[in-house]
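Okay, so here's the structure we're looking at.
Values quoted throughout were computed directly from the atomic coordinates according to the rules given, and no laboratory measurement underlies them. The shown structure was predicted, so the numbers you read here are calculated from the model rather than taken from an experiment. Don't worry about glycine lacking a Cβ; one is built from the backbone with ideal geometry, like all the others, and counts go over all protein chains shown.
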Amino acid sequence: NGHNTSGFENRLLCKDGSVRWLLWSTVSVIEDQLLYASARDITERKKAEQDLQVRTKHFECLVNAAPFGIHMIDDDFTIRHVNPYALPAFGNIPDLIGRDFNVVMHMLWPEHKADEILKQFRHTLETGESIVVKEMIEQRADRRATEYYTWEIHRTPLPSGKLGVICYFQDISERV
């Protein structure tokens, strides 16, 4: 006795102009040539999926168009996002997304400053306590130039359900 199962989604336009979505499940029994079908209304699920897509695009637009740097690390201290404004602050580090944040900080800053920054990120990740740095002055390890930054970090939930840290910053070297 062989049988095949399949499923598909179907968009229905109702007489009142509303749209409903159905999830059809079918089972066909080959030897007896029977077909069993059932439908489940998944309209609410489809609406939630569409709403999530819109919110995700909205969030991406806000982050990527922000007039200040934003970067996010996950609970493993892996860089997960860097907005376009933040990219120059990371220098010429190739394949930045997915890199170990510990390694990157030590590439950019002298050891004592990198360790201090990493300690603050770990503290925020562990405790949820936000940290605001009104002015950081330090010579970069990679550029050998003194730069000035203002920044803050906050713990944030990630899509995976775990926690990460998001950093908002501005290079204020020109103003100083």
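For the residue pairs Lys47/Lys162; Lys46/Lys162; Lys15/Lys57, the C-alpha atoms sit more than 27 angstrom apart in Lys15/Lys57.
Using θ = phi - 60° in the Karplus curve 6.51 cos²θ - 1.76 cosθ + 1.60, the 3J(HN,Hα) couplings for segment 48-64 round to 5, 5, 5, 4, 5, 4, 5, 5, 5, 5, 4, 4, 4, 5, 4, 5, 6 Hz; x is entered for Gly and Pro.
Distance between the pseudo-spin-label points of Ile137 and Glu116 (7 Å out from Cα toward the beta carbon): 1.2 nm.
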